[in-house]
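First comes the structure, then the notes that go with it.
The values are calculated or read from the model by the stated rules, or taken from the named source; none is laboratory data. Computed from a predicted structure; not experimentally measured. Here the Cβ positions follow ideal geometry from the backbone for every residue, glycine too, while neighbour counts run over all protein chains shown. In case anyone asks, the SASA skips ligands and DNA or RNA and just uses the protein heavy atoms, side chains included. Shrake-Rupley method; radii C 1.70, N 1.55, O 1.52, S 1.80 Å.
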Amino acid sequence: MTMQSTQIIPKKQNMLNLNRTRLIGHRGAGSEILENTLSGFQRARSLQARGLAGVEFDVQLSGDGHLVVFHDETLQRLCGAQSRIDQLTLPEIQRHLQSGHQIITLAMLSQTLPLSSAPLSSHHTPNSPTDPLNVFNSTQASVLNTASPVLSQFNHIELEIKTHNRTHYGKLVAALSRDLVDTALASLPLVLTSFDRQLLAHLQRHKTLSSIPRGLLTRTPSFLAAAPTTAMQLGCTQLGVHYPLLTQSVIENSHRHGLPVTAWTVNDVDSAQQLVKWQVDVIVTDVPTLFL
């Protein structure tokens, strides 16, 4: 999903009557606190009592097989480095800070959750120097020790899986299985989303990952009519659409196929009110405070 703006702090609250529509924070609360960071997720968690239902965030595979919580293919926009995530190891990635914030991994987010979130028999125990959970350094350990369980108690979490023309699907699916199956994250209300139909097909065929709900994302006008049928063929349970493409008829068509609709990324009250009127199921926003 694309960002519409950066670091916008709402100046006033505009109460939005959401009715049955859920509001979730884009990349945490992407224009209020730096996107895809522990601080951003903590900000979103602080808004739960005011009605924020959940968050959306991105992961992609590093060169050494870690699922990094980061949107862009390169470090240029947020860290001022042109290096690509898929060509760097996790230690190389984490040498860079994003305005003082550490780049985190999906495994690190899992470590912030209480152990009771997963069955006792399934807790992951690092057992080799190359185990993904063994790479945490003292700085990372300090971050985790002070972090609250930032994803707990949400009702809806959309985990967007980023791919590109260099994606190795076997390695990506293996990493998703390692970090999501029989871990603390398994108890969360996750939906795995992607624009990549090939990846969604891989997930559909996977013995264990296929049990996690999936969503097809689209921003292509010409694909809208076929999107619900394609989503169902891929075993998806929801459809995510760039909100300017949405109309009441598009939403109703998706609902006829039994597919809830997520609208992204909505940062103005008027658009949000119209989408609620059309009975969109989920609104993703960079500025949750604006609506709550």
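Structure notes:
- Qualifying residue in region 63-84 (condition: open to solvent by less than 10 Å² (accessible area, probe 1.4 Å), of a type in the set (Phe, Trp, Tyr) and either within 21 Å of Gln153 (Cβ to Cβ) or touching a Pro at 6+ places or on another chain (Cβ under 8 Å) (or both)): no
- Cross-chain or 6+ apart pairs with Cβ under 9 Å, region 268-292 first and at positive phi, then part of a helix (DSSP H, G or I): Gln279/Gln248; Gln279/Ile251; Gln279/Glu252; Gln279/His255
- Residues within region 213-224 that are in contact (Cβ under 8 Å) with a residue 24 or more places away in the chain, over 21 Å from the mean Cα position of the chain (by Cα) and surrounded by fewer than 18 Cβ atoms within 10 Å (Cβ to Cβ), tallied: 1
- Residue in region 78-96 that is touching a residue at least 60 places away in the same chain (Cβ under 8 Å) and assigned to a loop (DSSP other than H, G, I, E, B) present: no
- Count of region 183-208 residues, restricted to those that are within 16 Å of the chain's Cα centre (by Cα) and outside any helix (DSSP H, G or I), is 9.
- All conditions but one from (1) under 21 Å from the mean Cα position of the chain (by Cα); (2) surrounded by fewer than 15 Cβ atoms within 10 Å (Cβ to Cβ) apply to His242; the one that does not is (2).
- All conditions in (1) at pLDDT 95 or above; (2) out of contact with any Ser or Thr (no Cβ under 8 Å at 6 or more places or on another chain) hold for Thr89, with the sole exception of (2).
- Options Leu151, Leu133, Leu172, Leu188: the member that is modelled with pLDDT of 55 or more, under 27 Å from Gln87 (Cα atoms) and surrounded by 12 or more Cβ atoms within 10 Å (Cβ to Cβ): Leu172
- Qualifying residue in region 30-38 (condition: surrounded by fewer than 22 Cβ atoms within 10 Å (Cβ to Cβ), among the polar types (S, T, N, Q) and in contact (Cβ under 8 Å) with a residue 40 or more places away in the chain): no
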